[in-house]
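K.L.:
Take this structure, written in structure tokens, and hold onto it; I'll ask about it next.
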Amino acid sequence: MTVAEAVAEVASRSLAVESEVVALPRVAWETYERLLADDEERRIPRLTYDRGVLEAVSPSLPHDEDALTITRLVDIVAANLGVPIRSVGGTTFRRRDLERGFEADASFYIQRAPAIRGRRQVDLSVDPPPDLVLEMEVSRSAVDKLGVFAAMGVPEVWRSDGQRVTILLLEGEGYRESASSLSLPALTAKQAAAFLALSRELLSPDWFHAVSDWARGQRSPD
């Protein structure tokens, strides 16, 4: 059974159903893992699992477009600053011992990139979680995604509603808002939001050059 078929079959049990989000209660961990295994090439819906609740999000065009823009922003800034980075997209991260799992809109290994160099699979029982994840906000969610990220030790989370970008840094068991990124300190939440807005005004090559020029200007003098 594919994820899409499973969602359709149990949608009558959903806690919340909207155009993009379906949340299913009372889903066993074994069912969650079976869905992942049976549909390994799936890109959507993106799944989050939190101790029995399975949430499936099918991104809208603006949702995915903005997520891709922010992903490109992170990659371009890192490249121009000479910061090693490994973008791992919507990879499934899960830990059975915590009964939690997630597929973010984007995930990046930056400080911890050397720890997974050459790995084709990441096992969070032995490997570190990504340094930075991106979560595009949806109108309603039955899952505390920040709680999932915190429990799994993700140091930095970016959230965006398509206009604002909020940078959150892990502190204790929760997150605090920060003006700038831990992984890429030159990049502030305000600047990230400005480049997101600019992407709607400039065609791709011009936007790429604008971000690159800005990033090169942030380099420390040799």
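The values are calculated or read from the model by the stated rules, or taken from the named source; none is laboratory data. What you see is a predicted model, and the numbers here were worked out from it, not measured in a lab. Every residue, glycine as well, gets a Cβ built from its backbone with ideal geometry; the counts of neighbours run over all protein chains shown. Ligands, DNA and RNA are stripped out before the accessible areas are found, and what is left, the full protein with its side chains, is counted by its heavy atoms. Shrake-Rupley method; radii C 1.70, N 1.55, O 1.52, S 1.80 Å.
K.L.:
Could you tell me how many of the residues in region 96-115 are within 16 Å of E55 (Cα to Cα) and either of a type in the set (D, E, K, R) or open to solvent by 50 Å² or more (accessible area, probe 1.4 Å) (or both)? Lay out the reasoning, then the answer.
P.N.:
First pass over region 96-115, keeping only residues within 16 Å of E55 (Cα to Cα): 99-105.
Those left that are additionally either of a type in the set (D, E, K, R) or open to solvent by 50 Å² or more (accessible area, probe 1.4 Å) (or both): 99-100, 103, 105.
Looking only at that region, the number is 4.
K.L.:
Still on this structure: Would you confirm whether or not region 165-173 contains a residue that is of a type in the set (G, A, S) and either open to solvent by less than 50 Å² (accessible area, probe 1.4 Å) or assigned to a helix (DSSP H, G or I) (or both)? Walk me through it before giving the result.
P.N.:
Start the filter on region 165-173 by keeping residues that are of a type in the set (G, A, S), which leaves 172.
Keeping just the survivors that are either open to solvent by less than 50 Å² (accessible area, probe 1.4 Å) or assigned to a helix (DSSP H, G or I) (or both) gives none.
Looking for residues that are of a type in the set (G, A, S) and either open to solvent by less than 50 Å² (accessible area, probe 1.4 Å) or assigned to a helix (DSSP H, G or I) (or both), one finds none in region 165-173, hence no.
K.L.:
How many residues does region 51-86 hold that are among the small types (G, A, S), in a helix (DSSP H, G or I) and buried (at least 19 other Cβ atoms within 10 Å of the Cβ)?
P.N.:
Residues of region 51-86 among the small types (G, A, S): 52, 56, 58, 60, 67, 78-79, 82.
Filter once more, keeping what is in a helix (DSSP H, G or I): 67, 78-79.
Retained after the next criterion (residues that are buried (at least 19 other Cβ atoms within 10 Å of the Cβ)): 67, 78.
So the count comes out to 2.
K.L.:
Mind listing whichever residues of region 98-124 are outside any loop (DSSP other than H, G, I, E, B), without any contact (Cβ under 8 Å) to a residue 60 or more places away in the chain, touching a strand residue (DSSP E or B) at 6+ places or on another chain (Cβ under 7 Å) and among the small types (G, A, S)? Can you show your working first?
P.N.:
Pass one, region 98-124, residues outside any loop (DSSP other than H, G, I, E, B): 100-102, 106-109, 113-116.
Filter once more, keeping what is without any contact (Cβ under 8 Å) to a residue 60 or more places away in the chain: 100, 102, 106-107, 109, 113-116.
Filter again for touching a strand residue (DSSP E or B) at 6+ places or on another chain (Cβ under 7 Å), leaving 100, 102, 106-107, 109, 113, 116.
A106, S107, A113 - these are the residues of region 98-124 that are outside any loop (DSSP other than H, G, I, E, B), without any contact (Cβ under 8 Å) to a residue 60 or more places away in the chain, touching a strand residue (DSSP E or B) at 6+ places or on another chain (Cβ under 7 Å) and among the small types (G, A, S).
K.L.:
Tally the residues that are modelled with pLDDT of 90 or more, acidic (D, E) and either more than 15 Å from R94 (Cβ to Cβ) or outside any strand (DSSP E or B) (or both), restricting the search to region 1-50.
P.N.:
Number satisfying all stated conditions: 2.
K.L.:
Do you know which residues across region 33-50 are open to solvent by 30 Å² or more (accessible area, probe 1.4 Å) and among the β-branched types (V, I, T)?
P.N.:
The answer is I44, and nothing else.
K.L.:
Show the residue pairs that are 6+ apart or on different chains and have beta-carbon atoms under 8 Å apart, the first residue being within region 39-52 and closer than 19 Å to V133 by Cα, the second being open to solvent by 100 Å² or more (accessible area, probe 1.4 Å) and modelled with pLDDT under 95.
P.N.:
none
K.L.:
Out of region 141-164, which residues are aliphatic (A, V, I, L, M) and either at pLDDT 95 or above or outside any loop (DSSP other than H, G, I, E, B) (or both)?
P.N.:
Of all residues in region 141-164, those aliphatic (A, V, I, L, M) come to 142-143, 146, 148, 150-152, 154, 157.
Of everything in region 141-164, those that are aliphatic (A, V, I, L, M) and either at pLDDT 95 or above or outside any loop (DSSP other than H, G, I, E, B) (or both) turn out to be L146, V148, A150, A151, M152, V154, V157.
K.L.:
Do we have any residue at all in region 125-140 that's out of contact with any Cys (no Cβ under 6 Å at 6 or more places or on another chain), in a loop (DSSP other than H, G, I, E, B), more than 24 Å from S58 (Cα to Cα) and of a type in the set (V, I, T)?
P.N.:
Restricting attention to region 125-140, the residues satisfying the condition of being out of contact with any Cys (no Cβ under 6 Å at 6 or more places or on another chain) are 125-140.
Imposing the further condition that a residue be in a loop (DSSP other than H, G, I, E, B) reduces the set to 125-131, 137-140.
The next check asks that each one be more than 24 Å from S58 (Cα to Cα); those that pass are 125-128, 131.
With of a type in the set (V, I, T) added as a condition, the list becomes 126.
Yes: one or more hits.
K.L.:
Go through (1) over 21 Å from G89 (Cβ atoms); (2) open to solvent by 40 Å² or more (accessible area, probe 1.4 Å) one by one and return the number of the condition A189 breaks.
P.N.:
Going through (1) over 21 Å from G89 (Cβ atoms); (2) open to solvent by 40 Å² or more (accessible area, probe 1.4 Å) one by one, A189 breaks only (2).
K.L.:
What are the pairs with Cβ atoms under 8 angstrom where one residue, in region 188-214, is within 14 Å of D75 (Cβ to Cβ) and the other, located anywhere, is surrounded by 12 or more Cβ atoms within 10 Å (Cβ to Cβ) and among the basic types (K, R)? Sequence gap at least six, or different chains.
P.N.:
F208/R72; V211/R72
K.L.:
Another one. Just the residues that are touching a Leu at 6+ places or on another chain (Cβ under 8 Å) and under 24 Å from D144 (Cβ atoms), please, taken from region 169-222.
P.N.:
Within region 169-222, L169, G174, Y175, R176, E177, S178, S181, L182, S183, A192 meet the criteria.
K.L.:
A further question follows. Go through region 95-125 and count every residue that is charged (D, E, K, R) and on the phi > 0 side of the Ramachandran plot.
P.N.:
From region 95-125, those charged (D, E, K, R) are 95-97, 99-100, 103, 105, 112, 117, 119-120, 123; that's our starting set.
If we keep only those that are on the phi > 0 side of the Ramachandran plot as well, we get 99.
Number satisfying all stated conditions: 1.
K.L.:
Of the residues that sit in region 199-222 and are polar (S, T, N, Q) and in contact with a helix residue (DSSP H, G or I) (Cβ under 8 Å, 6 or more places away or on another chain), which one is surrounded by the most Cβ atoms within 10 Å (Cβ to Cβ)? Step through it out loud before you land on a result.
P.N.:
Kept after step one, since they are polar (S, T, N, Q), are these residues of region 199-222: 199, 204, 212, 218, 220.
Add one more test, that the residue is in contact with a helix residue (DSSP H, G or I) (Cβ under 8 Å, 6 or more places away or on another chain), and what stays is 199, 212, 218.
Numbers: S199: 22, S212: 14, Q218: 14.
Once the filter is applied, the top-ranked residue is S199.
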